[in-house]
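For reference, the structure discussed in these notes is given below.
Each reported figure results from applying straightforward, stated rules to the coordinates on display, with no laboratory input. No experiment lies behind these values; they were computed from the predicted model shown. Heads up, the Cβs are rebuilt from the backbone with ideal geometry, glycines too, and the neighbour counts pull from every protein chain shown.
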Amino acid sequence: MIVVGAEGEVEDVDTFIEKIKRLSEEKGIEIQVVDADLICGKDHLLSAYQHAVRAFEEKRNSMKRISMEILLYLSGERQISDAIKKMGVKKDSQKLVFIFLDSKDHDELKGKISEDEARKIVEEMGMEIKEDVMEPSREKLRMLGFSEEEIDTVDKDKYEDLVLEKVAMVDIIK
């Protein structure tokens, strides 16, 4: 899995998504793009990825594609429509996270794409590389559905831990 944070403007969501699909097919990989305003650190992404891979290995996956299974875990939702509403690219999305995956071998990309190539794709999509878009914040926790009381129970450096618990809960709710 390769993860790239970025900032820019999505003029037309449908055109943007079609271009991502075409690039995915050309490269023989899956590219998932999510709203970075709901990503609380790289561990959030890694945990969702690991849970999704495990779900596929244990034949518990709800989705046919690993990229969509990851979306369920990232969002903490059990319904893909809710996950897309929450985490998907929207017209007003300015901060995005691009996730590059092998659709067959979930453990690695096996030379299908390098990190430099992934970054180039992000730039070709009209985005500027900005890794800090994934930093956790109170606002992100609120957008993910955490109450003020829940957020107040942890120090700022533990925000990611709250999100990791939410990712793990998807196994229980789905």
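Listed values, structure above:
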read-out: HN-Hα J in Hz across the stretch 130-137 - Karplus 6.51, -1.76, 1.60, θ = phi - 60°, x for Gly and Pro; value: 8, 5, 6, 5, 8, 4, x, 7
read-out: Eligible aspartates and glutamates near Lys21 by straight Cα distance, threshold 19 Å, same-chain separation 8 or greater; value: Glu9, Glu11, Asp12, Glu30, Asp35, Glu69, Asp102, Asp105, Glu115, Glu117, Glu123, Glu124
read-out: Rounded FRET efficiency, nearest 0.05, which uses the C-beta distance separating Thr153 from Lys130 and R0 of 35 Å; value: 0.70
read-out: Two-site FRET efficiency, Ile17 against Lys42, from Cβ-Cβ distance with R₀ of 25 Å, rounded to 0.05; value: 0.60
read-out: Student exercise, the stretch 2-173 dipole from Lys, Arg, Asp, Glu Cβ charges, in Debye to nearest 20; value: 660
read-out: The stretch 2-173: C-alpha pair distances exceeding 19 Å, %; value: 54
read-out: Exceeding the 25 Å Cα-Cα cut-off - candidates Lys91/Lys112; Lys59/Lys90; Lys90/Lys112; Lys59/Lys95; Lys86/Lys156; value: Lys91/Lys112; Lys59/Lys90; Lys90/Lys112; Lys59/Lys95
read-out: Surrounding net charge for Gln94, when Lys and Arg each add one and Asp and Glu each subtract one, Cβ distance under 12 Å; value: -3
read-out: Fluctuation leader among Val154, Val89, Val97 - the chain, Gaussian network, Cα springs under 10 angstrom; value: Val154
read-out: Selected from Ser67, Ser75, Ser114 as most flexible by GNM, with the chain as the system and alpha-carbon contacts under 10 Å; value: Ser114
read-out: Between the stretch 119-165 and the stretch 21-76, the Cα center-to-center distance that results, in Å; value: 16
read-out: Of the DSSP H helices in the chain, those whose Cα atoms cover at least 18 Å axially and whose Kyte score averages 0.5 or more; value: 159-173
